[in-house]
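Peer 1: What follows is a single structure, and I will ask about it in a moment.
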Amino acid sequence: MTIINKLLICFFLISFNAFSQKEQKSSFQIVPLGTKGGIDEKNLSAYLIAPTNTKDFICLDAGTVNAGIEKAIDNKVFKVSTSEVLRKYIKGYLISHAHLDHVSGLIINSPADSSKTVYATNKCMEMMENHYFNDQTWANFGDQGVGVPLKKYHFQTLNIGEETPLTNTTMTVKAFPLSHVNPFESTAFLIKNEDNYALYLGDTGPDTVEKSNYLRDLWTAIAPLIKTKQLKGILIEVSFPNEQPDKFLFGHLTPNHLMQEMHVLEELSGKDSLKGFKIIITHLKPPTKNIVKIKEQLKTQNDLGLKIIYPEQGKRFEL
């Protein structure tokens with residue numbers, strides 16, 4: 001082999017590697033402020049999401065905020081104060097439903113927060129206005145609702161299926177309904193930045209138990225994005241191990257039910273379309289022995305080749 005041929009091969013390999021790295025470039029960064037369901041008030045559902053290489057975060061649910069920011073600072077994710085992350089980096093909140101383990105951080109931190117937008121569907125927004133920011137259980141930091149609105153937060157109601165810009169970011173969101181003990185509704189948020197997407201689901205039960213088609217409708221909507229590889233990952237809950245009876249799921253998923261739903265998604269998006277696809281498991285409920293069991297069961301049942309990720313509080317990852 002001549003020197004010129006060797007150089008050409010080296011050039012080709014370097015170019016191919018650079019192209020591959022470019023193709024795999026991440027689109028979103030996620031900083032979990034809280035990852036669990038259950039009783040640990042220092043670590044409840046809340047995930048910061050932003051386009052990679054920006055500080056324009058939206059908080060997906062807000063069960064834990066301050067403690068999660070402090071954890072992220074300890075892990076060198078942020079190099080500024082807790083207050084600066086809260087007031088300047090977090091541009092708004094997307095709230096899937098109004099259960100306390102998804103909103104308590106937002107409520108408690110509201111006096112120290114800066115002006116920004118809180119996004120939720122109509123039913124969720126009504127609950128927050130009537131039961132939390134109502135000048136009785138808590139001051140009304142919003143710009144509508146009962147009592148005297150202090151107008152720190154802009155309460156923006158999301159219309160189902162309508163793409164909505166997220167203020168002070170380059171991202172948009174589209175909301176989809178979920179069933180969390182039918183007829184109580186939760187929400188899934190499809191986040192878009194440029195031509196890339198990430199999907200976050202609030203608490204949800206499986207269609208078979210909830211007697212609904214909400215998850216199937218959601219999978220139908222996102223299947224084209226999986227085919228084109230524009231959807232970078234799904235954050236979805238698994239709260240209980242398989243031993244939990246369906247009648248005691250309370251609107252949550254087990255490994256069995258998650259994998260059944262993933263098979264529906266694969267049927268809609270094409271055979272082997274989920275190989276290596278990132279599934280981020282949220283809302284794991286204590287005790288620890290149950291969490292260990294959930295992880296073992298998901299590993300055993302992962303016949304689709306999913307890349308299953310368990311986020312850790314305060315540790316940044318990319319999609």
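Peer 1: Please go through segment 241-255 and give me each residue that is in a helix (DSSP H, G or I), surrounded by fewer than 21 Cβ atoms within 10 Å (Cβ to Cβ) and touching a Pro at 6+ places or on another chain (Cβ under 9 Å), ordered by number. First the steps, then the outcome.
Peer 2: Applying the first criterion (in a helix (DSSP H, G or I)) to segment 241-255 yields 246-248, 255.
Of the ones still in play, those that are also surrounded by fewer than 21 Cβ atoms within 10 Å (Cβ to Cβ) are 246-248.
ASP246 - this is the single residue of segment 241-255 that is in a helix (DSSP H, G or I), surrounded by fewer than 21 Cβ atoms within 10 Å (Cβ to Cβ) and touching a Pro at 6+ places or on another chain (Cβ under 9 Å).
Each row is one residue, and each column tells you yes or no for (1) of a type in the set (Gly, Ala, Ser); (2) modelled with pLDDT under 95.
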| residue | (1), (2) |
| --- | --- |
| PHE12 | no, yes |
| PHE19 | no, yes |
| GLN29 | no, no |
| PRO32 | no, no |
| GLU41 | no, no |
| ALA46 | yes, no |
| CYS59 | no, no |
| GLY68 | yes, no |
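Peer 1: Continuing with this model, one more query. Can you work out which of the residues in segment 135-173 that are closer than 30 Å to TYR214 by Cα and over 25 Å from the mean Cα position of the chain (by Cα) is surrounded by the fewest Cβ atoms within 10 Å (Cβ to Cβ)?
Peer 2: GLN144
Peer 1: Among the candidates LEU265, LEU304, which residue alone is in contact with a His (Cβ under 8 Å, 6 or more places away or on another chain) and either not in a loop (DSSP other than H, G, I, E, B) or not charged (D, E, K, R) (or both)? Give the steps one after another, and end with the answer.
Peer 2: Working: LEU265 fails: in contact with a His (Cβ under 8 Å, 6 or more places away or on another chain).
The unique qualifying residue is LEU304.
Peer 1: Show me the helices (runs of 4 or more DSSP H) found entirely inside segment 17-136 where at least 2 residues are of a type in the set (S, T, N, Q).
Peer 2: Values: elements: 66-74, 100-109, 122-131.
Of the helices (runs of 4 or more DSSP H) lying wholly inside segment 17-136, those with at least 2 residues that are of a type in the set (S, T, N, Q) span 100-109, 122-131.
Peer 1: I've got another one for you. Looking only at residues in segment 119-134 that are among the charged types (D, E, K, R) and without any contact (Cβ under 8 Å) to a residue 40 or more places away in the chain, which one is surrounded by the fewest Cβ atoms within 10 Å (Cβ to Cβ)?
Peer 2: First pass over segment 119-134, keeping only residues among the charged types (D, E, K, R): 123, 126, 129.
Of the ones still in play, those that are also without any contact (Cβ under 8 Å) to a residue 40 or more places away in the chain are 126, 129.
Working: GLU126: 14, GLU129: 20.
For segment 119-134, the residue satisfying everything is GLU126.
For (1) aliphatic (A, V, I, L, M); (2) touching a strand residue (DSSP E or B) at 6+ places or on another chain (Cβ under 9 Å), each residue gets a yes or a no:
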residue	(1), (2)
HIS102	no, yes
LEU106	yes, yes
MET127	yes, yes
GLN136	no, no
ASN159	no, yes
SER186	no, yes
PHE189	no, yes
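Peer 1: Follow-up. Filter segment 191-224 for residues that are farther than 21 Å from SER26 by Cβ, charged (D, E, K, R) and touching a strand residue (DSSP E or B) at 6+ places or on another chain (Cβ under 6 Å); which is surrounded by the most Cβ atoms within 10 Å (Cβ to Cβ)?
Peer 2: My answer is ASP203.
Peer 1: Name, by its number, the condition in (1) of a type in the set (A, V, I, L, M, F, W, C); (2) out of contact with any Asp or Glu (no Cβ under 8 Å at 6 or more places or on another chain); (3) surrounded by 16 or more Cβ atoms within 10 Å (Cβ to Cβ) that does not hold for LEU274.
Peer 2: Here LEU274 meets the rest and fails (2).
Peer 1: For ASP217, all conditions in the list (1) without any contact (Cβ under 8 Å) to a residue 60 or more places away in the chain; (2) acidic (Asp, Glu); (3) under 26 Å from ILE95 (Cα atoms); (4) assigned to a loop (DSSP other than H, G, I, E, B) hold save one; what is the number of the exception?
Peer 2: (4)
Peer 1: Looking only at residues in segment 277-315 that are of a type in the set (D, E, K, R) and either at pLDDT below 95 or buried (at least 18 other Cβ atoms within 10 Å of the Cβ) (or both), which one is farthest from GLU261 (Cα to Cα)? If you could, list the steps in order and put the result at the bottom.
Peer 2: To start, the set of residues in segment 277-315 that are of a type in the set (D, E, K, R) comprises 278, 285, 289, 293, 295-296, 299, 303, 307, 312, 315.
Narrowing further to those that are either at pLDDT below 95 or buried (at least 18 other Cβ atoms within 10 Å of the Cβ) (or both): 278, 285.
On the way: LYS278: 15, LYS285: 20 Å.
Within segment 277-315, the match that is farthest from GLU261 (Cα to Cα) is LYS285.
The values are calculated or read from the model by the stated rules, or taken from the named source; none is laboratory data. These figures come from a predicted structure and were not determined experimentally. Methodologically, a virtual Cβ is constructed for each residue, glycine included, from the backbone with ideal geometry; neighbour enumeration extends over all protein chains shown.
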